[in-house]
Structure formats: C-alpha cells, structure tokens
C-alpha cells in the first residue's frame, strides 16, 4: 500500500501538501518547513520513501487509545521508519506547525491565510478516515510505504 505526500507550498514556517492512498486523494498534510540544516522540532523530514510500522507505546499511543473517536479504531501509531536524522516520526492529528515537531499532520481542509501560516482543519476527521485502511494493511502483513515528493522547491 502506498501513501504519497506531495508537498505543494512552504511559507518558511510550515509546509502544506496533499496525501493520496494508492493514487487517490484523501486529505491535506501539514509539516514543519524545509531547512537545509535540521533544527530539532522545526524541520520537515527529507523527501523519499519510508516504511511504516505500528508503534504501540509512547504518549501519542496512550492518548489515541483513550480518545473518544480514535480509541475504538486505534491499533498503534503510524510510525515512519529509518528517517535520516529523525526519530519518532508519526502521522497524527493537528492543525498548525505548533502541533508538530517533524511529524506529518493530516486534515480534510487545507488552507493558507493572507499573512498567516498554512493550516489544516478537521484533522481528527481526516485521521479517522485514513487510519483504519492503513492499520488493516499493516495488521494483515502488507507493506505500507510513504513516498514524500517535494513539489514546492
């Protein structure tokens, strides 16, 4: 199963993109901005291909396990593997770059405001939409890969 993230716009503070699953548009994404040199918690991950596994420990896993809408479907966090120079990169809910420290946020609405940073909205709705398909693939032994493409540079 392939998740493709196309980065479309980077305003120097955050990056807005789209996520497709097996070629079909599913939601918007939000990440930290591009930096030539990494600053911890303030830099997006490099473009490329990353395997995804379920992470069944940690703070996000515990919060999502108890979340009223996410808990009933939660099997573990979608955790990108072997990201050069980064650890614990997850796909999770959030609306602004303040809600990420290098991770990928998802939302059903993607927007930029004049004079404002990119944002995503209805993040929990987007997560609840894409998560079951991803978790089911992983639990059935299928490979789940994220391809990240820079179209904003």
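Please determine, by comparing only the residues of region 59-69 that are surrounded by fewer than 14 Cβ atoms within 10 Å (Cβ to Cβ) and in a loop (DSSP other than H, G, I, E, B), which one is nearest to the chain's Cα centre (by Cα). Filtering first and then ranking leaves 69.
Filtering region 122-153 to residues that are part of a strand (DSSP E or B) and surrounded by 18 or more Cβ atoms within 10 Å (Cβ to Cβ) leaves 146, 148. Filtered by the rule that a residue be closer than 20 Å to residue 26 by Cβ and either out of contact with any helix residue (DSSP H, G or I) (no Cβ under 9 Å at 6 or more places or on another chain) or in a loop (DSSP other than H, G, I, E, B) (or both), region 80-91 gives 80, 89. Among the conditions (1) under 20 Å from residue 42 (Cα atoms); (2) under 12 Å from the mean Cα position of the chain (by Cα), the only one that residue 86 does not satisfy is (2). When the criteria are applied in full, residue 59 fails the requirement of being at pLDDT 95 or above and on the phi > 0 side of the Ramachandran plot.
Residues that are more than 17 Å from residue 101 (Cα to Cα), at pLDDT 95 or above, in a strand (DSSP E or B) and out of contact with any helix residue (DSSP H, G or I) (no Cβ under 8 Å at 6 or more places or on another chain) within region 8-55 comprise 8, 18, 20, 24, 25, 48, 49, 50, 51, listed in sequence order.
The values are calculated or read from the model by the stated rules, or taken from the named source; none is laboratory data. What you are looking at is a predicted structure, and each value in this text was computed from that prediction instead of being measured. No Cβ is skipped: glycine too gets one built from the backbone with ideal geometry, and neighbour counts run over all protein chains shown.
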